[in-house]
1. Can you list which of the DSSP-assigned H helices in the chain have a Cα extent of 24 Å or more along the long axis and an average Kyte-Doolittle score of at least -1.0?
2. For V155 and R15, FRET efficiency with R0 = 35 Å and r from the beta-carbon atoms, rounded to 0.05?
3. Taking a threshold of 25 Å on the Cα-Cα distance, which of the pairs K121/K193; K85/K216; K37/K193 fall above it?
4. For the chain, with the dipole built from +1 on Lys and Arg beta-carbon atoms and -1 on Asp and Glu ones, taken about the Cα centre, which of S27, P68, T110 lies farthest toward the positive end?
5. Let's test the formula: R0 of 41 Å, r as the Cβ-Cβ distance of T23 and C162. What FRET efficiency results, to the nearest 0.05?
6. For the chain, with only Lys/Arg (+1) and Asp/Glu (-1) charged at the beta-carbon, what is the dipole magnitude about the Cα centre, in debye rounded to 20?
7. Go ahead and collect, in residue order, the members of segment 110-135 whose backbone nitrogen is under 15 Å from a label point 7 Å along the Cα-Cβ direction of A211.
8. Using R₀ = 22 Å, calculate the FRET efficiency as 1/(1 + (r/R₀)^6) where r is the Cβ-Cβ separation of E201 and E228; round to 0.05.
Amino acid sequence: MNFELALFDRMQCTRAEKNDAVTCIASLVMFSHKSRKLGLVALEDDIRQIDDGICRRGLQLVIDGCDPEIVSRVLLIMIYAGGMKGAELLTACIRAEGILAVQTGTPPGTMVQILTAYLGKDADLWDEYFEQHQLEISGYRDTLGTDVCAGEKIVVNATVGCLSFENLAGMADIHIQKILRGTDSWNLAIAMKGASPRVIEKIYANLSSRAARLLKEDIDGMGPVRIEDVVQCQQHILNVALRLSEAGEIIIADGRDIIE
């Protein structure tokens, strides 16, 4: 959402006062998981339990199928007309941003990155909160059901030329890290949805603990995906690898002797 700079000045508050905003982020993440698993209409039951007017109105508009631009405009008007400041205003802006993210299907991990930016230098408050409540958040997500293919793991091994996605498992860690830096996080999440355990282990081993957690959030929250989408995303990553190889930045084993 596009807020005027003056509004950001009005939402300044202490680190301790930002705790309510962190709790709000957690609620929005749960809404995201639920809507991605069960659809936006599934949030209708949650509206009855919401006291905040902005959140209740925004979710109702989303469930009713209103255009995102209309939802954004209504929420902006409510915020500017509310005469809020400090932590109250900060939380209201986070709610509005989060509701739009839920409507547009933003992955939970990406949503967290966007919403915690509103906390400024205190963005680490979310990490502290998550460490204390991750079982609660994960437990809520697990109650929503599993993917249609959860009982039978489908492994997808896309190829580009003579390079297959499974080949990533045998690459050097430093080369995997370069490939990941050139890969969009959402493409990676979809590609991982059908990857073999060897490739999954290799990729997680070359991510920071925070990046790995966000990736897992995205994968767990996306629900079922089409095999053709997994293939397309895996091929995108393989194309990144091939470009890096042609530029001499990574080595793709091709049977020739390589000195480590």
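1. The answer, listed by residue number, is 19-38, 86-104, 227-246.
2. For R15 and V155, the calculated efficiency is 0.15.
3. Too far apart for the 25 Å limit: K121/K193; K85/K216.
4. Farthest along the dipole direction, towards plus: P68.
5. 0.20
6. 140
7. 110
8. After rounding to 0.05, the efficiency reads 0.30.
FYI, it's all coordinate maths here, none of it is from the lab. It should be emphasised that the depicted structure is a prediction, and the values quoted were computed from it without experimental measurement. Every residue, glycine as well, gets a Cβ built from its backbone with ideal geometry; the counts of neighbours run over all protein chains shown.
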